[in-house]
Amino acid sequence: MGILQKDRHGTRALKPPIPVPDVWTERIRADQDTDDEAASIAETQLMGRLRSQSVDLATRVDLPWLEQSRLLKEAAASLGGLQRLSEVSSATLRYLRQVAIPMFVECFFLPSDVVVRRQVIPVIKSLSALDPSCVDNVLQANLLAFIAAQDQHRELESFHSADARIASEFYERQSVSQRAQALEVLAGIPQGFPVIRR
């Protein structure tokens, strides 16, 4: 049973959707200019699905949380299929590095609800299996931007790269308790603990 609207006794409240920054569509448009050379038919099909899911998540701003959750689960399944391939093409790695990894890592930091953040963890784990160093770098950059958005940690802004493509304007809207919950969830996954420790 999924997360349902609180209109009947015994059901849970509807979760707020993940905010969608404009930078996601900019990344997708920038990647469309490149030509693709897939290593196999299976990779072409999986990448077609992943691109479609990324585009839906980035362009359909009015999606409710249940639809976003479905897209995240489908993206995790597509990435799991890519993991099972013996090799992936350079075009796939380029798409992952330029579009998918930044987008799905930001999906972890953007929501204000812990349940929504936990939904993104399987996607981050799958991305980390495909390109661990890129996921590590993007997690670290977003974590520093996430913490630096607090008034008492403004000095951290000088440590992270001034990448205007991080959706940090959304990070400022979260309370201290929401940030603490995000750090706790991030520390609980193998990909996040080393980033927090650094």
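The values are calculated or read from the model by the stated rules, or taken from the named source; none is laboratory data. Since this is a predicted model, take the numbers as computed values, not measurements. Using ideal geometry, Cβ is built from the backbone for each residue, glycine included, and neighbour counts are taken over all protein chains shown. Areas reflect the complete protein model, heavy atoms only, side chains present, ligands, DNA and RNA absent. Shrake-Rupley method; radii C 1.70, N 1.55, O 1.52, S 1.80 Å.
Give the residue, chosen from H153, H160, that is at pLDDT below 75, open to solvent by 10 Å² or more (accessible area, probe 1.4 Å) and under 14 Å from L183 (Cβ atoms).
H153
I'd like the residue in region 82-93 that is small (G, A, S) and crowded, with 17+ Cβ neighbours inside 10 Å and, out of all such residues, is nearest to the chain's Cα centre (by Cα).
A91
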- Kindly indicate whether L57 is modelled with pLDDT of 90 or more, buried (at least 16 other Cβ atoms within 10 Å of the Cβ) and within 19 Å of V135 (Cα to Cα). no
- Query: Just for region 7-45: of the residues that are open to solvent by 80 Å² or more (accessible area, probe 1.4 Å) and within 26 Å of F109 (Cβ to Cβ), which one is modelled with the lowest pLDDT?
  - Reply: R12
